[in-house]
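Worksheet: one structure, shown below.
What follows is calculated from the coordinates using simple rules that are stated; it is not laboratory data. Just so it is clear, the structure is predicted and the values come from calculations on it, not from any experiment.
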Amino acid sequence: MKQLIKKGVVFLLIVLYATGCSSHKIELYDENPPKLSEIVAQYYNSIGITEDVRKNAKAEYLPCDFDESLQFRLPEYWEDLFVIKWSSNENSDMISFYDKYNYDYYHTSYNSSTYRYNGGSGDLWTINRYSLATYNENNLQQYPDACVKIVGANSIIIGVDDTYIYELALPTGIEFFFEDSLSTALYKTSMSMRDKIVDEFLKINGISKNESAPHIN
């Protein structure tokens, strides 16, 4: 009888463990990723990002170098698509996203004897973080009036929290190799991911989104 009870307890524990494991759902980045153009899909496939990989990719939370409490939610294969650079100075902290294909293309070409400029370095967007005082000291458009304006050359305030103002800056020139159809398509595809990445950055970090911000591209 004791052996039967012991076996029953062991079986119950196994069932409970299996149930617990199966109920722990992996967080996917995007179960319904947007459709890719043929040229981009072919390139993604060549580097291992198949349609199945895109649909089943886990979400990865990447902390900022200068403040690990700030995170970005990205697909687990993000390093194949983006180069992310962090920097800080006395006025602000900066997170810059680059399209990896154009970034690598630019730096490889620039350092070669056959370099010929016909595009940019793949710069996609930068998020600048300012304290309120620092922001108003360094910008002609003052907060909060600047919330409804395009600031500087091509920037907008995207959100605020108790301590900081967050500004999105887009490039003003061509940042891809416009004579190359793949470079152009990959850059535009990476740029199309901006809204999702930025919106989720604001949400998961408890930053109040500026709903009055004008549209920039």
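So here's what we get for this one:
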item: The stretch 59-209, relative contact order [Cα under 8 Å, separation at least 6], %; result: 22 percent
item: Lys pairs under 15 Å by Cα in the stretch 59-209, provided they are eight or more residues apart or on distinct chains; result: 5
